[in-house]
């Protein structure tokens with residue numbers, strides 16, 4: 001028995017020794033492998049440098065910090081000196097409580113579930129014109145299937161509807177073949193940048209301040225942004241003399257200026273262009289041979305009585321210019337206006353003045369993406385052809401639309417007055433769109449404190465505002481601004497009943513900030 005135990009012990013010791021020896025080999029092998037391991041296939045140094053160059057401030061560092069704070073509030077109530085995060089950084093109306101337009105949602109629901117169209121209870125729940133519109137739309141979709149691919153430009157019948165809506169709006173003909181339905185306006189912008197930008201020697205004129213979609217897309221597609229500064233002193237006026245100066249300077253530096261971006265109503269600046277100003281821009285584009293990229297997604301958002309929206313197509317046609325005279329791309333989206341259907345990703349561009357062979361290339365680029373989503377296509381057609389007088393839904397539709405737009409106008413005025421009441425802050429009138437872009441005249445000590453942590457002064461201010469109040473705004477440095485000036489962009493979209501509280505918290509924060517850094 002003792003001999004058996006001894007043999008067993010010797011075998012166990014031998015097994016352990018072999019195991020230790022094997023472990024040593026493995027360790028040596030692992031160490032050797034680690035020392036000779038190749039670097040990862042993708043690093044920050046090996047990705048496309050155009051991606052590194054691209055920035056998008058409205059969802060940048062401030063918003064990332066806000067999301068962390070929101071998670072902390074959810075995990076532990078009372079962990080911060082505010083109860084909620086108020087996202088005033090992006091034009092996302094429904095996220096802040098705006099309700100969708102009933103008629104639009106009824107039609108979408110019926111199109112997505114056509115089997116209920118013939119049921120008796122459907123007519124009790126849905127308006128008769130919504131049912132009729134759903135049938136009309138489904139008859140235009142092959143197979144009546146909203147889950148199927150469509151033509152790459154979008155469903156022909158829906159493009160016909162949009163073209164008719166453009167013609168009604170402008171008083172000049174429009175064609176379905178000129179309409180490209182897209183997943184919001186942003187993909188349409190990218191498509192045109194792909195078309196126009198051949199290298200960094202190609203430039204696109206952009207307003208400064210500008211919506212960072214443009215600077216980002218120009219960077220991603222390898223072109224050069226040619227800035228032209230809006231005049232803050234004249235309510236963010238667009239001076240053609242400034243644009244001409246920038247074109248001449250760019251050309252002297254070897255840049256081929258291909259196009260000009262004009263945002264009307266303005267984002268982030270909220271101005272609405274006068275007709276005379278638009279005529280000057282049209283004449284300038286024709287003289288200089290520029291494509292006019294007209295961002296007109298806020299065309300419904302006008303808050304002043306002495307201004308109205310006019311599309312650049314309407315202006316150019318009223319001047320006697322036809323397709324052969326000016327190359328024009330007009331963008332529209334279902335994300336803005338009174339509808340605010342950001343998540344449905346619907347929009348279109350109307351392209352006129354391009355030769356047939358260039359249009360084939362635009363269609364090819366659209367075809368690479370197969371088609372835009374069908375719900376967005378349907379919404380775009382509804383936006384351009386809403387209920388008319390005599391339709392069952394007309395009264396309720398008009399009440400919803402007018403209620404949203406009048407509330408936005410009141411909110412814009414309240415926030416504008418609030419900013420102008422703050423020490424060292426000036427804010428131009430929000431004539432349209434969804435934003436205010438107040439100028440911050442910050443104390444020298446605040447600017448020095450920002451520089452000490454390598455932050456832009458307006459980003460420093462926005463970060464402190466967020467930490468103190470939960471209010472999320474975007475630093476003006478993310479949009480571009482005259483050097484040495486500082487701004488923030490703030491939406492007018494929080495629910496109207498929350499605006500007084502926002503004003504109160506903003507006022508208290510600003511007073512404390514100015515007292516802390518007073519020279």
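Laboratory data are not the source of any read-out in this text; all were calculated from the coordinates shown. Please read these numbers as outputs of a predicted model, since none were measured by experiment. Here the Cβ is made from the backbone with ideal geometry for all residues, glycine too, and neighbour counts use every protein chain on show.
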Practice prompt. Only residues of the range 261-304 count here: report those whose backbone N is under 20 Å from the spot 7 Å along Cα→Cβ of residue 251, or say none.
Written response: 261-262, 280-293
Fill in: Extended-chain gain in nm, criterion 0.36 nm per residue less alpha-carbon gap, residue 426 and residue 121
104.2 nm
Discussion item. If you fit an axis through the alpha-carbon atoms of helix 61-75 and take the longest principal axis of the Cα set of the chain, what angle between them do you get, 0 to 90°, nearest 10?
Written reply: 70
Discussion item. Could you tell me the calculated FRET efficiency between residue 177 and residue 504, based on Cβ-Cβ distance and R0 = 56 angstrom, to the nearest 0.05?
Written reply: 0.55
Item to complete: Restricting to the chain, compute how many DSSP beta bridges are antiparallel as a %, nearest 5.
Response: 50
Practice prompt. With r as the distance between the Cβ atoms of residue 194 and residue 67 and R0 = 30 Å, compute the FRET efficiency 1/(1 + (r/R0)^6) and round to 0.05.
Written response: 0.45
Worksheet item: How much length, in nm to one decimal, is gained on full extension between residue 76 and residue 167, taken as 0.36 nm per residue of separation minus their Cα-Cα distance?
Response: 27.3 nm
Worksheet, complete the sentence: Simple SL model, points at 7 angstrom along Cα→Cβ for residue 201 and residue 324; separation in nm is 3.2
Worksheet item: Given R₀ = 25 Å, FRET efficiency for residue 370-residue 144 by Cβ-Cβ distance, to 0.05?
Response: 0.85
Worksheet item: What's the exposure ranking of 477, 77, going from fewest to most Cβ atoms within 10 Å?
Response: 77, 477
Worksheet item: By how many nm would the segment from residue 385 to residue 511 grow when fully extended, if each residue of separation counts as 0.36 nm and the alpha-carbon distance is taken off?
Response: 40.6 nm
Worksheet item: Counting alpha carbon pairs within less than 8 Å and at least 6 residues apart, what relative contact order, in whole percent, applies to the chain?
Response: 20
Response to the item:
Stokes-Einstein, Kirkwood over Cα pairs, the chain, 25 °C, 0.890 mPa s; D in µm²/s equals 95
Fill in: Kirkwood-based Rg to Rh ratio, the range 400-512, C-alpha trace
0.98
Discussion item. Suppose only helical runs count, i.e. DSSP H with n ≥ 4. What mean residue ellipticity at 222 nm does that imply for the chain under -39500 (n - 2.57) per run, divided by all residues and rounded to the nearest 500 deg cm²/dmol?
Written reply: -15000 deg cm²/dmol
